[in-house]
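See structure below.
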Amino acid sequence: MRDPRYDILFEPVKIGPVTARNRFFQVPHCNGMGYRDPSGEAYMRRVKAEGGWAVVCTEQVEIHPTSDIGPFIELRLWDDQDLPALTRISEKIHEGGSLAGIELAHNGLNSPNLISRETPLGPQNLPVVSWNYDPVQARAMTKSDIADLRHWHKEAVRRSLKAEYDIVYVYAGHAIGGLHHFLSRRYNNRTDEYGGSLTNRVRLLREILEDSREVADGKAAVACRISVDELLGDEGITRSEIEDVIGLLGETPDLWDFVLGSWEDDSVTSRFGPEAEQEPYVRGLKQLTTKPVVGVGRFTSPDTMLHQVKSGILDFIGAARPSIADPYLPRKIEEGNLEDIRECIGCNICVSGDFTMSPIRCTQNPTMGEEFRRGWHPERIKVRSSESNVLVVGAGPAGLEAARALGQRGYTVSLAEASRQLGGRVTRESKLPGLSAWIRVVDYRQQQLRKLSNVDVFMESEMTADDVIDNDFHHVVVATGSSWRRDGVGRWHTHAVPVDDHADVLTPDDVMAGLRPAGNKVVLFDDDHYYLGAVVAELLAKEGFDVTLITPAAHVSQWTTNTMEVVRIRKRIIKAGVHVQVNRAVTAVTPQGVRTVCAFTGDEQFVDADGVVLVTARLPHDGLFHDLQSRESEWAGADLRSVRGIGDAWAPSTIAAAVWSGHRYAEELDEPPAPGPVAFRREVTGLSIEPVSTLTIPPFATA
Ligand code: FMN
């Protein structure tokens with residue numbers, strides 16, 4: 001039963017002509033599926049609707065070929081051909097009992113139009129502000145372009161109604177939506193009635209909001225998503241300007257959706273910003289309009305949500321990442337099952353789906369993006385199909401998830417952990433600077449395991465092949481993790497680096513175990529390129545070591561461009577006093593320091609150091625797996641039917657991948673294998689009718 005304190009979160013709220021059943025609002029978020037995998041997206045959104053989000057939105061939807069932000073895979077509403085995909089999504093949201101929102105976007109300066117090859121459009125002549133520095137410039141929009149844009153937007157609203165959306169967004173946020181560019185002094189230097197004063201800069205937004213209301217004609221609500229502060233001081237949109245915008249337009253949309261700054265500022269990771277970080281920027285805006293207001297802030301705590309509503313900051317609790325980690329979050333609060341909430345850890349692996357153009361993934365929720373493809377569900381799983389019992393060896397992220405999901409299926413499970421702690425690498429890494437929220441991966445699973453009487457957890461239980469074979473397990477899954485290499489092998493070096501026996505060499509595992517270099521001057525060689533190198537550098541620098549981070553990549557933690565952290569990471573380590581050498585690799589380690597080479601010229605240098613930390617690659621702990629494989633002839637006698645490896649013990653990867661592989665093991669145990677090489681359902685592009693064109697029909701004009 002729900003705690004009555006939270007009743008207010010479940011009050012219905014009117015948004016213009018439609019009514020939300022409660023205050024939980026899944027704000028627009030892309031998912032790397034979009035136009036390529038619309039059924040994948042539809043099923044993902046449906047699960048959120050089932051999970052109690054009163055409003056479930058699409059991601060940004062390109063309204064026209066001049067708004068093409070390919071290679072990102074978003075939705076499109078370029079013309080009627082896109083309607084079936086969009087309609088499937090709204091249908092699934094409605095099946096789950098929610099209002100369907102569509103975020104119509106003309107991306108203006110942000111669309112390089114790589115696929116459509118149209119000329120980008122912006123308020124002024126400027127290079128496009130795409131993530132990839134595409135060598136393309138936008139053309140300053142003429143009055144006739146502005147008229148076209150208004151027409152395209154109206155058409156998109158019309159199509160959204162056809163596709164049965166209940167809420168139609170006008171996107172003016174994140175420096176992505178083109179209307180943001182018109183609003184911001186940073187991008188708009190026009191001298192006509194669309195530039196200069198705030199009234200002029202807001203004109204296009206007002207016109208498009210009014211157009212949208214006219215076309216929606218009371219059949220759908222119109223929402224406006226806007227950045228409340230561009231965080232650029234007087235060069236960009238300021239909070240006080242936004243107060244004036246609401247003064248001018250406060251009653252024009254049916255709903256205001258507030259975000260902060262650029263997308264990087266808005267979806268900040270837990271390493272760089274706490275829950276509800278946007279509160280000071282949003283507080284007070286609701287009082288400037290009678291229309292309901294939604295805001296975001298990686299909300300996972302029901303008490304924080306309550307505070308937002310009770311103190312008059314927000315009407316709706318907006319969520320992207322918390323709804324990805326736990327699509328059933330509202331329902332769990334409603335049913336009083338707070339301990340079952342799978343809290344977002346704020347790692348932004350979800351964002352990497354978009355940047356890598358692959359279906360969205362989540363560290364906490366391995367079923368994210370797999371709802372349609374594999375039929376997985378975040379709360380339900382098929383009942384076991386045999387009486388088998390299973391030994392899971394290792395209680396890191398893969399083992400914990402395998403044990404939890406197998407337990408949920410009803411199998412008898414023994415989870416054996418060699419150490420005194422659950423969680424493996426997650427427990428160790430969550431003690432590092434900025435990563436404390438990651439322990440939620442362990443907390444959630446530990447909490448669930450407590451409820452499963454068919455799962456026994458054995459601590460300090462290192463298993464050998466003899467132990468496995470002498471006991472009565474039908475299936476064994478090895479999830480024993482991995483260790484960081486001490487020989488420098490990684491991406492740059494595929495063979496061991498010469499390391500002098502007397503050199504002081506540590507790995508991240510040593511540092512996490514409390515070991516430190518003997519001397520003060522430390523070189524950290526990061527050839528891993530994700531978060532850990534910079535985190536360890538920050539830790540050592542804060543402890544007083546003189547740290548130089550050397551990496552062959554162009555950026556520190558280069559892969560975190562995909563989690564939108566790369567700039568913040570660099571800033572943090574600069575502030576921590578870490579020296580950085582990019583585009584260089586360590587080629588030899590001596591007691592006096594390291595030899596390095598330039599990644600381009602091969603020119604050598606020597607860097608003095610008392611100690612070296614190598615963050616390069618990991619080796620799987622697969623000894624038990626191979627021991628058991630080598631004794632396959634004994635399996636039948638021991639009634640042992642399968643031995644499998646999962647997580648880092650199988651192949652080191654992200655924590656998200658480890659959790660996913662544990663889940664996959666549990667889903668697939670005893671199930672018939674996929675009929676062909678593709679283990680998941682996919683949406684294959686339908687072929688168009690062949691054109692009658694100069695490609696095929698003579699005569700050709702060749703002169
Ligand atoms: N905001 C948009 O307005 N349009 C988008 O298409 C969009 N895509 C996103 C994709 C991902 C994976 C994430 C995590 C966020 C995205 N956002 C987008 C921003 C979110 O809507 C939200 O404002 C932001 O993540 C902060 O909310 P949260 O803390 O609840 O995640």
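For the chain, the per residue solvent-accessible surface stands at 39 Å², with DNA, RNA and ligands left out and a 1.4 Å probe.
Can you give the log10 of the normalised intensity I(q)/I(0) at q = 0.14 Å⁻¹, computed with Debye over equal Cα scatterers of the stretch 257-331? The computed values of log10 I(q)/I(0) come out as -0.41. The value of relative contact order for the stretch 496-618, using C-alpha pairs under 8 Å at least six residues apart, is 36 percent. Under the simplified labelling scheme, the Arg420-Glu243 pair shows an inter-label distance of 5.6 nm, with each label point 7 Å from Cα along Cα→Cβ.
The smallest convex shape that holds all Cα atoms of the stretch 400-519, its convex hull, gives 167 Å³ per residue. Here the stretch 4-355 exposes an accessible surface that is 48 percent carbon and sulfur, computed with a 1.4 Å probe and the other protein chains kept in place. Per-residue Karplus couplings for the stretch 147-156, computed as 6.51 cos²θ - 1.76 cosθ + 1.60 with θ equal to phi - 60°, are listed in order as 4, 4, 4, 4, 5, 4, 5, 4, 4, 5 Hz, Gly and Pro entered as x. Contact order, relative form, for the chain: 11 percent (alpha carbon pairs under 8 Å, 6 or more residues apart, mean separation divided by residue count).
Percent of Cα pairs in the stretch 434-484 per distance bin of 10 Å, from zero to the largest separation: 16, 40, 34, 9, 1. Multiplying the residue separation of Asp467 and Ile574 by 0.36 nm and subtracting their alpha-carbon distance yields 33.5 nm. The stretch between Leu83 and Asn189, if pulled fully straight at 0.36 nm per residue, gains 34.5 nm over its current Cα-Cα span. Okay, which of the stretch 306-321 sit inside 14 Å, backbone N to the point 7 Å along the Cα-Cβ direction of Gln287? Zone members listed by number: 311-314. How big is the gap, in Å, between the Cα center of the stretch 32-89 and the Cα center of the stretch 257-318? One Cα centre to the other: 24 Å. Using only Cα coordinates, the Kirkwood hydrodynamic radius of the stretch 577-703 works out to 21.9 Å.
The equivalent ellipsoid of the chain has semi-axes of 44, 32, 26 Å, largest first, where each one is the square root of 5 times an eigenvalue of the Cα gyration tensor. The packing ranking of peptides 325-335, 144-154, 208-218, highest mean first, is 325-335, 208-218, 144-154, where packing means the average number of other beta carbon atoms within 10 angstrom of each residue. FRET efficiency for the pair Ile115 and Arg150, taken as 1/(1 + (r/R0)^6) with r the Cβ-Cβ distance and R0 = 35 Å, rounds to 0.90. With both labels modelled 7 Å from their Cα along Cα-to-Cβ, the His502 to Glu543 distance reads 2.4 nm. Determine which residues of the stretch 171-198 fall in the zone a paramagnetic label at Asn125 would reach in this model, i.e. backbone nitrogen under 15 Å from the point 7 Å along Cα→Cβ. Within reach of a label on Asn125, which here means backbone N under 15 Å from a point 7 Å along Cα→Cβ, the stretch 171-198 contributes 189-191. Within a straight-line Cα-Cα reach of under 19 Å, Lys143 can be paired with the following lysines, leaving aside sequence neighbours fewer than 8 residues apart in one chain: Lys154. Here Ile439 sits with roughly 50 square angstrom of accessible surface, probe radius 1.4 Å. Can you give me the angle between helix 239-249 and the longest principal axis of the chain, using Cα atoms only, in degrees from 0 to 90, rounded to the nearest 10? Roughly 40 degrees between the two axes. The C-alpha atoms of the chain define a longest principal axis, and helix 203-216 lies at about 90 degrees to it. Loop-resident GluC sites (Glu not before Pro) (DSSP state other than H, G, I, E or B) in the stretch 376-458 with no more than 12 further Cβ atoms inside 10 Å of their Cβ: Glu387.
Computed over the stretch 4-355, relative contact order equals 17 percent, with contacts defined as Cα pairs under 8 Å that lie 6+ residues apart.
Shape call for the stretch 496-618 from the C-alpha gyration tensor, a ≥ b ≥ c root eigenvalues: rounded (a/c under 1.5), prolate (a/b greater than b/c) or oblate? Cα axes put the stretch 496-618 in the oblate bin. Where only DSSP H runs of four or more residues are counted, the chain gives -8000 deg cm²/dmol as its mean residue ellipticity at 222 nm, each run worth -39500 (n - 2.57). When Val659, Val567 are compared by accessible surface with a 1.4 Å probe, the order from highest to lowest is Val567, Val659.
Do the alpha carbons of any pairs in Lys332/Lys431; Lys48/Lys310; Lys542/Lys575; Lys542/Lys571 sit beyond 21 Å of each other, and which pairs?
Checking Cα-Cα distances, Lys332/Lys431; Lys48/Lys310 exceed 21 Å.
Per-residue 3J(HN,Hα) values for the stretch 623-628, derived from phi via the Karplus relation 6.51 cos²θ - 1.76 cosθ + 1.60 with θ = phi - 60°, read x, 4, 4, 5, 4, 5 Hz in sequence order (x marks Gly and Pro). Put Thr507, Thr464 in order of accessible area, highest first, and with a 1.4 Å probe you get Thr464, Thr507.
Length gained on full extension, Met357 to Arg631: 94.4 nm, using 0.36 nm per residue less the C-alpha separation. In straight-distance terms, cross-link reach from Lys382 covers every one of the lysines whose alpha-carbon lies under 19 Å from its own, apart from those fewer than eight places away in the same chain; here that gives Lys451. For the stretch 130-147, there are no residues whose amide N sits under 13 Å from a probe point set 7 Å from the Cα of Arg491 along the beta carbon direction.
Relative to the longest principal axis of the Cα atoms of the chain, the long axis of helix 38-50 makes an angle of roughly 90 degrees. Couplings for the stretch 650-658, taken from phi via the Karplus curve 6.51 cos²θ - 1.76 cosθ + 1.60 with θ = phi - 60°, read 8, 6, x, 7, 6, 5, 4, 5, 5 Hz in order; Gly and Pro are left as x.
If R₀ is 30 angstrom, what is the calculated FRET efficiency for the pair Arg641 and Glu339, using the beta carbon separation as r and rounding to 0.05?
Given R0 = 30 Å and the Cβ-Cβ separation, E is 0.30.
Put a dot 7 Å past the Cα of Phe10, heading toward its Cβ, do the same for Leu619, and the two dots end up 5.5 nm apart.
The values are calculated or read from the model by the stated rules, or taken from the named source; none is laboratory data. These numbers were taken from a predicted model, which means no experiment stands behind them. Methodologically, a virtual Cβ is constructed for each residue, glycine included, from the backbone with ideal geometry; neighbour enumeration extends over all protein chains shown. Heavy atoms of the whole protein, side chains included, go into the accessibility calculation; ligands, DNA and RNA do not. Shrake-Rupley method; radii C 1.70, N 1.55, O 1.52, S 1.80 Å.
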